[in-house]
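So the structure is just underneath, and the comments pick up after that.
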Amino acid sequence: MPYQINLGQWKSVFAVPSSVVDQHIKIASESQLKVLLYLLRHSDKDLSDEQLSSALRLSEEEIRNAVDFWIERELLSKHDNVLVPSDTAQEQTIKPQAQHIAETEPAPKSHTAVSRPRRPDPAFVAKLLQEDKNLAGLMEEAQTVLQKPLSPGDTSTLVMLYDSFGIPCSVIALLLHYLASIGRANMRDLERFATRWADEGIKTDQDAEREIERLSQSRESWKTVSKLLGIRNVGNPTHAQLDNANRWVVTWKFSDEMIVEAYERCVNIKGEYNISYINAILKRWYEKGIKSLDALRQMEASTKSNPKAKPKTNKGKGSVFLTDGASFDVEKYKNTSLFDD
């Protein structure tokens, strides 16, 4: 008699790196997990921020922050605006499950299958080092900065960044010295930053110096903000923390008291710290030209004394009022967290 196993929903499965559960599930927010699972399930499609936002009912900022979160944790990499699994993630993928998929279901044509350039072999590296004095000089400088002899893998990585990604030796050296200044002088961080710079077109000394100045400024801004809000720094700050802090302190030029005020309102409304929510409050104040607590109090007093200027509340949809009757949707940022990138 013929036999058939009815797998039901198990007929269509996709692989998820084991590190998602083993290492990241405790700190990843709901929105970050939703974005990752949706991207893995639809890896055969080109998805825009707008499409993801519509499918997952998340803001486009939340989508971008979630993608950055997984890039920061080395699960994904971005090359030429295309997301690909990082080397670490590929090693941790559940291989038996992936093999089962290959046997039971034809692999879809994927637009995200483009991988990063391979590291050159030792023979090519040796030949290039003999021919290029600048590259040989970079190797010596890297050993000095890293304070260790370069392994064959280290040398191949440097040659790959130079030869495959087209990053000049002087730019790689500038990046190495910057990473050393923030305690991150290692080949893994060098490769991550350098490939990002290549994607962003940072390939001259002038561009590198400007980017280093921006990064340094952002780190200083985050030190200020984290101290103000009593946030204990664990590891390195995320892109969202750096970008938001720099925006509040440098671009919008908010005083310490205004940042603290936005933080306290966020905690009073949401019951927790939420960087996206605080940014939304400060953005509203910035757009209204409110730069001091006195101006804020005057605006709110004026709104309360003029009922006609105050729109009807919509408590059913979770809206609250920030200033001059402007509402802010609590539910929109309900699922974001401290770790939102």
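The values are calculated or read from the model by the stated rules, or taken from the named source; none is laboratory data. Nothing here was measured: the structure is a model prediction, and the numbers come from that model. Cβ sites come from the backbone with ideal geometry, for glycine too, and all protein chains shown count toward neighbours. Ligands, DNA and RNA are stripped out before the accessible areas are found, and what is left, the full protein with its side chains, is counted by its heavy atoms. Shrake-Rupley method; radii C 1.70, N 1.55, O 1.52, S 1.80 Å.
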Review point. Looking at the range 122-129, is at least one residue modelled with pLDDT under 95, touching a Ser or Thr at 6+ places or on another chain (Cβ under 6 Å), surrounded by 13 or more Cβ atoms within 10 Å (Cβ to Cβ) and part of a helix (DSSP H, G or I)?
Key: yes
Practice item. Take ARG232 and decide whether it is at pLDDT below 95 and either touching an Asp or Glu at 6+ places or on another chain (Cβ under 9 Å) or open to solvent by 70 Å² or more (accessible area, probe 1.4 Å) (or both). Key: yes
Check your understanding: Going by the conditions given, is THR224 of a type in the set (Ser, Thr, Tyr), open to solvent by 20 Å² or more (accessible area, probe 1.4 Å), free of Cβ contacts under 8 Å to residues at least 24 places away in the same chain and more than 15 Å from ASP68 (Cβ to Cβ)?
Key -> no
Practice item. Scan the range 154-171 and report the pairs whose first residue is surrounded by fewer than 22 Cβ atoms within 10 Å (Cβ to Cβ) and whose second residue is assigned to a helix (DSSP H, G or I) and charged (D, E, K, R), with Cβ atoms within less than 6 Å and a gap of 6+ or a chain change. Key: THR157/GLU191; SER170/ASP205
Check your understanding: Hey, among the residues in the range 253-275 that are crowded, with 21+ Cβ neighbours inside 10 Å and not aliphatic (A, V, I, L, M), which one's modelled with the lowest pLDDT?
Key -> ASN274
Check your understanding: For the range 238-252, how many residues meet the condition of being surrounded by 20 or more Cβ atoms within 10 Å (Cβ to Cβ) and either aromatic (Phe, Trp, Tyr) or free of Cβ contacts under 8 Å to residues at least 24 places away in the same chain (or both)?
Key -> 1
Check your understanding: With respect to ASP205, is the statement that it is in contact with a Leu (Cβ under 8 Å, 6 or more places away or on another chain) and loosely packed, with under 14 Cβ neighbours inside 10 Å true?
Key -> yes
Practice item. Output the qualifying pairs, or none if there are none: Cβ atoms under 7 angstrom, residues six or more apart or on different chains, first residue in the range 276-294 and under 23 Å from SER59 (Cα atoms), second residue part of a helix (DSSP H, G or I) and basic (Lys, Arg). Key: TYR277/LYS270; ILE281/ARG265
Point to revise | Odd one out for HIS24 among (1) touching a helix residue (DSSP H, G or I) at 6+ places or on another chain (Cβ under 7 Å); (2) at pLDDT below 85; (3) buried (at least 17 other Cβ atoms within 10 Å of the Cβ); (4) not charged (D, E, K, R) | key: (1)
Review point. Within the range 145-155, can one find any residue that is within 27 Å of GLY201 (Cβ to Cβ) and of a type in the set (A, V, I, L, M, F, W, C)?
Key: yes
Check your understanding: Does THR195 meet the test of being buried (at least 16 other Cβ atoms within 10 Å of the Cβ) and in contact with a strand residue (DSSP E or B) (Cβ under 8 Å, 6 or more places away or on another chain)?
Key -> yes
Review point. Hey, LEU190 hits all of (1) open to solvent by 20 Å² or more (accessible area, probe 1.4 Å); (2) assigned to a helix (DSSP H, G or I) but one; which does it fall short on?
Key: (1)
Review point. Taking into account only those residues within the range 292-310 that are in contact with a Ser or Thr (Cβ under 7 Å, 6 or more places away or on another chain) and over 16 Å from ARG265 (Cβ atoms), which is modelled with the lowest pLDDT?
Key: LYS310
Review point. Would you say LEU58 is part of a loop (DSSP other than H, G, I, E, B) and at pLDDT 80 or above?
Key: yes
Practice item. Assess whether GLN217 counts as being closer than 21 Å to ASN65 by Cβ and either part of a helix (DSSP H, G or I) or basic (Lys, Arg) (or both). Key: yes
